[in-house]
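Just so it is clear, none of the values below were taken in a lab; they were calculated from the coordinates. Fair warning: this is a prediction, and the values are worked out from it, not measured in the lab. All Cβ positions, even for glycine, are placed from backbone atoms using ideal geometry, and neighbour counts span all protein chains on display.
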Amino acid sequence: MIVFEDVTVRYRGVPALEGVNLTIQEGALGVLVGPSGSGKSTLIRLVNRLVEPDRGRVLVRGIDVMALDPPELRRSIGYVIQSVGLFPHRTVARNIATVPRLLGWPRARIDAQVDAMLELVRLDGSFRHRYPDELSGGQAQRVGLARALAAEPDILLMDEPFGAVDPITRRELQGELTRIHRETGKTILLVTHDPREALDLATLIVVLRAGHIVAASRPEILAHEPGAFARDLFGADTLILDRLRRRHVGAFVSGEAQDEDPSISAEAPLSEALLCMMETGRERLRVVDAEGRAMGSITFHAILETAP
Ligand code: ADP
């Protein structure tokens, strides 16, 4: 668990964060989102003491970070940044082994952990011996993630981790992160300026504006009642699509299935049903179950009714 208690940070007297209160529960995936300069990086860097509070306290696992030894604190927390920061003259395996070596793990344990981490981020064993300049941007980011997780920290900080990769790789890495979060149950705090990324990944979205938290809620709640600032920040289209992506066709079935209608799976999100209607020009679709059996129909009207 990470707790910020009435935290203020000033740079040369100018506040970057003011009176921030926030709790990130154990196992949560908290996403900080807000315009450039709103204080996101400052907030995340308080956790591993790269920034220190001028007022208030930051508690990590119940202990005030100011009472902890900074290098030790940092070794206990994974940290991933946009530029990855792999050591260029070390192989992938040596990069991943960085913190376990610092911690003095025996060699056999380190070797086994490098293999396990490569598997976790879905890189095959042949990557062990490559150097960072022999990796694509997406592969480098996977290695960065493997390195951050190698000493099995229970907390992972990620500052714009997917900011420098192309959109397709970005979607892929977002999927991997969701999977890793689910599989490992780690507490993750991630910074992004991409609202869609925030809605897709977060279990808790924290919206920052000029050094203040203006919203902290579950994404489905934020998408439903965004408030004026978050609506502008996220864009109405992103919020509407997000709402449609969270609901499934199966819950909106009514009436008999009509053979002449285009088919859609009951498991598909409503966004896909809407797209199918727009592509085919039809206001009604035939809903089928996983075995392809007809269950009934979904109508354009039913989708419209989901508007708040
Ligand atoms: P974000 O991550 O949301 O872009 P930051 O936390 O990086 O925001 O910055 C918050 C504010 O603090 C900005 O106005 C920024 O210019 C300022 N700031 C950040 N780091 C420093 C620093 N090391 N020295 C002086 N000002 C800084």
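Observations, loosely collected:
- Rounded to the nearest 500, the helix-only mean residue ellipticity at 222 nm of the chain stands at -10500 deg cm²/dmol, with each DSSP H run of n ≥ 4 adding -39,500 (n - 2.57).
- Among PRO88, LEU145, ILE155 - extreme Cα towards positive end, dipole of the chain, charges at beta-carbon: PRO88
- Amide H within-cut-off set for MET295, under 5 Å, with H built and near neighbours excluded: VAL287, VAL288, ASP289
- Once C-alpha pairs closer than 8 Å and six or more residues apart are averaged by separation and normalised to the residue number of segment 247-304, the relative contact order reads 41 percent.
- Between helix 167-184 and the chain there is an angle of about 70 degrees, using the helix long axis and the longest principal axis of the Cα atoms.
- Sorting THR238, THR8 from the fewest to the most surrounding beta carbons within 10 angstrom yields THR8, THR238.
- Dipole check for the chain: with +1 at the C-beta of Lys and Arg, -1 at the C-beta of Asp and Glu, and the Cα centre as origin, the magnitude is about 1240 Debye.
- Helix 270-280 and the longest principal axis of the Cα set of the chain meet at an angle near 50°.
- Of all DSSP-defined beta bridges confined to the chain, some 55% are antiparallel rather than parallel.
- 3J(HN,Hα) couplings calculated from phi for segment 238-251 with the Karplus curve 6.51 cos²θ - 1.76 cosθ + 1.60 (θ = phi - 60°) are, in sequence order, 4, 5, 5, 4, 4, 4, 5, 6, 7, 10, 10, 3, x, 7 Hz; Gly and Pro show x.
- In the elastic network of the chain, a GNM with C-alpha springs shorter than 10 Å, the most mobile of VAL80, VAL214, VAL191 is VAL214.
- Amide H contacts under 5 Å for ARG10, placed H, 5+ residues apart: ALA16, ASP54
- Note on segment 127-180 and segment 258-308: Cα centroid distance 37 Å, given to the nearest whole angstrom.
- Likely footprinting exposure, HIS301, HIS212, fewest C-beta neighbours within 10 Å first: HIS301, HIS212
- Most fluctuating residue given options ALA268, ALA16, ALA28, as computed from a GNM of the chain linking Cα atoms under 10 Å: ALA268
- Cut-off under 5 Å, modelled amide H: who pairs with GLN82 long-range: ASP159
- From least to most packed, judged by other beta carbons within 10 angstrom and beginning with the fewest, LYS186, LYS40 follow the order LYS186, LYS40.
- Sequence-ordered 3J(HN,Hα) estimates for segment 44-50 from the Karplus curve with 6.51, -1.76 and 1.60 and θ = phi - 60° stand at 6, 6, 5, 5, 9, 6, 6 Hz, glycine and proline given as x.
- For segment 1-75, relative contact order (Cα pairs under 8 Å, six or more residues apart, normalised by length) works out to 36 percent.
- Couplings for segment 212-219, taken from phi via the Karplus curve 6.51 cos²θ - 1.76 cosθ + 1.60 with θ = phi - 60°, read 10, 8, 9, 7, 8, 7, 5, x Hz in order; Gly and Pro are left as x.
- Relative contact order for the chain: 19 percent, from Cα pairs under 8 Å spaced at least 6 residues apart, divided by residue count.
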